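See structure below.
The values are calculated or read from the model by the stated rules, or taken from the named source; none is laboratory data. Computed from a predicted model, the values in this text were never measured in an experiment. Glycine gets a Cβ as well: all are built from the backbone with ideal geometry, and neighbour counts include every protein chain shown.
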Amino acid sequence: MKAKRNEYQREIEALHEALGISASQRRQFALPLQFVPDELVSAGLDCFGRPQRLTKAALAAWTAMQADAARQGVELLLVSAFRSPRYQHDLIARKLARGQTLEQILKVNAAPGHSEHHTGRALDIGTPGCEPLSEEFEHTPAFHWLAANAKNHSWQMSYPRNNPWKISYEPWHWCYHPP
């Protein structure tokens, strides 16, 4: 297990080096290292038609929460779920290629190895009529429903305003925390 953990940490360090992310930049945001689970299951397609995966427990909790919301007239859409550290690297690399700075990017995207999406327990959630991944989501019935009910399904919003990790406010990003 320790060898696997060390190998993972070396992989993450290599991804950071490739992107030019320094140790001081990682410490600035203080996000913990997140590990990829051994098993992920299909969570179906996201709102863009891409296949998504979650852990079994997170999928069961998401399905129950989505059904509960639907019974109350609220539609929750899956925008994004599991992301590998390599996918996170590529996401950041594309933004760098478009001229964004690492400082700008790391305010909205965790460095590879530090995203909750790596755990298979994090979701970006949307709703019809609202641009995905926008702060406008906080003004929707879906967000208000989540704020009042997600905890009943063991989901928490990860990045509220003024969070200690200095990640921009993300009302759409929720993580499953098993009881």
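Summed over the range 28-73, residues that are in a loop (DSSP other than H, G, I, E, B), at positive phi and modelled with pLDDT of 95 or more total 2.
Look at the range 119-140: where a residue is within 22 Å of Pro32 (Cβ to Cβ) and a partner is basic (Lys, Arg) and assigned to a strand (DSSP E or B), sitting 6+ places away or on another chain with Cβ atoms under 8 Å, you get Gly120/Arg53. Selection of the range 56-80 for residues being surrounded by 21 or more Cβ atoms within 10 Å (Cβ to Cβ) and without any contact (Cβ under 8 Å) to a residue 40 or more places away in the chain yields only Leu59. When restricted to residues that are hydroxyl-bearing (Ser, Thr, Tyr) and either touching a residue at least 24 places away in the same chain (Cβ under 8 Å) or closer than 18 Å to Leu54 by Cα (or both), the range 85-118 contains 2. For the range 126-179, filtering for residues that are surrounded by 14 or more Cβ atoms within 10 Å (Cβ to Cβ), more than 28 Å from Gln25 (Cβ to Cβ) and among the hydrophobic types (A, V, I, L, M, F, W, C) leaves 7.
The residue pairs whose first member lies in the range 20-35 and is touching a residue at least 40 places away in the same chain (Cβ under 8 Å), whose second member is basic (Lys, Arg) and in a loop (DSSP other than H, G, I, E, B), and whose beta carbons are closer than 9 Å, counting only pairs six or more residues apart or on different chains, are Gln28/Lys166; Phe29/Lys107; Phe29/Lys166; Ala30/Lys166. For the range 18-27, the candidate set comprises residues that are surrounded by 16 or more Cβ atoms within 10 Å (Cβ to Cβ) and in a helix (DSSP H, G or I); within that set, the residue that is modelled with the highest pLDDT is Leu19.
Out of contact with any Cys (no Cβ under 8 Å at 6 or more places or on another chain) and part of a strand (DSSP E or B): does that describe Asp90? Spelling it out, it is not the case that Asp90 is out of contact with any Cys (no Cβ under 8 Å at 6 or more places or on another chain) and part of a strand (DSSP E or B). Exactly one residue out of Leu33, Leu15 is loosely packed, with under 15 Cβ neighbours inside 10 Å and within 27 Å of Ile125 (Cβ to Cβ), and it is Leu33.
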